[in-house]
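Read-outs: derived from the displayed coordinates by stated rules, not from any lab. Here the structure is a predicted model, which is why all the values come from computation and not from measurement. Cβ coordinates were reconstructed from backbone atoms using ideal geometry, including for glycine residues, and neighbour counts include every protein chain displayed.
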Amino acid sequence: MLEFLPTHLADPAATDLLGESLGKAALAGGVIALVGDLGSGKTTMAQGIVRSLGYQNEVTSPTFSLVQEYRGGRLDIFHFDFYRVESDHELLDLGWDDYLEQGGLVIVEWPALFPHLLPEGTIWIQLTHENDGRLAEIIPSPCG
Ligand SMILES: Nc1ncnc2c1ncn2[C@@H]1O[C@H](COP(=O)(O)OP(=O)(O)OP(=O)(O)O)[C@@H](O)[C@H]1O
Ligand SMILES: [Mg+2]
């Protein structure tokens, strides 16, 4: 899957479809970090991931709840949005470490706000505007 990156995503459907492919390839305990500016397509990609793991018509952005949980599909999914998180403590109090250890799939929007909390092995995907669409590429962990 990752060998298709970098790739141009011409429209929202292409972003969603790449998410679907990522979801199909996702392994238990995996973490996908979605990097990109406001409106770059992170939630669109997350929607494709979530749907591909067996959750239909259930996807909302976790913007107003820090984490959105989906259970009962091929993998449980824990979809975080760090945008409104104030501190490490807030995430740790929420049970961040437990989420990582549940053998589900963790998806994080705005991961670069707390990069040190993302475990080794996290797949970092960056979305940037490219012409009228987006460019999706793998980037190295900002923590090295
Ligand atoms: N490849 C694409 N080409 C053009 N528009 C796209 C593409 N992918 C997503 N979009 C559109 O970009 C807009 C923002 O998408 P989305 O909400 O997924 O971004 P986001 O990165 O989650 O934003 P936020 O930072 O606010 O959470 C939506 O209207 C979506 O349909
Ligand atoms: Mg979003």
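Computed over region 72-144, the P(r) tail beyond 22 angstrom holds 30 percent of alpha carbon pairs. Start at zero, step by 10 Å, and the Cα-Cα distances of the chain spread as 12, 46, 36, 6, 0 percent across the bins. Per-residue packing, averaged as other Cβ atoms within 10 Å, sorts the ranges 72-80, 33-41, 91-99 into the order 72-80, 33-41, 91-99, beginning with the highest. Springs between Cα atoms under 10 Å define the GNM used for the chain, and in it the highest mean-square fluctuation of GLN47, GLN102, GLN126 occurs at GLN102.
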